[in-house]
Amino acid sequence: MKFAKGFTLIELMVAVAILGLMTMIAIPSMGDWVVKMRIDNEISSLHRLVNNARNSAINLEQPVTLCPLKDNSCTNDWEGELTVFLDLDNDGNLDNAVSVDIDNDGIADGPFAETVLRVKSGLTGDDELTFARDRVVYQPTGQASISNATFEYCVPGHTDKNRGITISLRGRIYQSKDYDGDGKEENRSGDVIDCS
Ligand SMILES: [Ca+2]
Ligand SMILES: [Ca+2]
Ligand SMILES: [Ca+2]
């Protein structure tokens, strides 16, 4: 009976060379994969956050605001922490005492404290998130204060992976897609997501 022989030195060298080649191919695509995962996660959590603002406004029957809050006022720093809060007087500020006509009888009620409903932590590293406004206000009807505005998420050096979320006229939320098949995603108006 013949026994299988062990590796010769040549075979071992060839095996090591092949392994090295595979690693060289695998590492860059691994980096791409990590970036893609990060973008997908951020887009998903942003989508959930906007959805939460919309559903809260509908369920609570009060205006709900989503924005980057600083000193309890909305700013343009969309890469920072984002907050969804009950904005009873619809002014883009988180107030601790507002008087509003909550039961629509023509007489102001309160004062009420506005409350934080959900918070999403800010971005880390060089990732970019842009939005043309300083806030999104959802009404109890589910409609937003803005229409056809797009959140654009970009990672420098990975422009082919840019993704976005558009809020439509009716307040619905749409993720970007590669509509024309050129490898880059566009919003519903056909504009490429580029954080510009
Ligand atoms: Ca307010
Ligand atoms: Ca009242
Ligand atoms: Ca495209």
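The values are calculated or read from the model by the stated rules, or taken from the named source; none is laboratory data. Quick caveat, the model's predicted, so the values are computed rather than measured. Virtual Cβ from ideal backbone geometry, glycine too; neighbours counted across all protein chains shown.
Here THR65 qualifies as within 16 Å of ligand 1 (Cβ to nearest atom), among the hydroxyl-bearing types (Ser, Thr, Tyr), at pLDDT 95 or above and within 30 Å of GLU185 (Cβ to Cβ).
Residues in segment 114-132: is at least one over 21 Å from the mean Cα position of the chain (by Cα), modelled with pLDDT of 95 or more, away from ligand 3 (no atom under 16 Å from the Cβ) and farther than 23 Å from ASP40 by Cβ? Within segment 114-132, one or more residues are over 21 Å from the mean Cα position of the chain (by Cα), modelled with pLDDT of 95 or more, away from ligand 3 (no atom under 16 Å from the Cβ) and farther than 23 Å from ASP40 by Cβ. The residue of segment 152-181 that is nearest to LYS36 (Cα to Cα), among those that are at pLDDT 95 or above and surrounded by fewer than 12 Cβ atoms within 10 Å (Cβ to Cβ), is GLY181. Meeting the requirement of 1 or more residues that are touching a Lys or Arg at 6+ places or on another chain (Cβ under 9 Å), the strands (runs of 3 or more DSSP E) wholly within segment 17-109 are 64-67, 82-86. Within segment 133-151, the set of residues being aliphatic (A, V, I, L, M) and either buried (at least 21 other Cβ atoms within 10 Å of the Cβ) or over 15 Å from the mean Cα position of the chain (by Cα) (or both) comprises VAL136, VAL137, ALA144, ILE146. Considered as a group, the residues in segment 28-80 that are among the basic types (Lys, Arg) and within 13 Å of the chain's Cα centre (by Cα) include one that is nearest to ARG118 (Cα to Cα), and that residue is ARG48. Selection over segment 84-108 of residues that are more than 9 Å from ligand 2 (Cβ to nearest atom) and farther than 18 Å from VAL64 by Cβ gives a count of 2.
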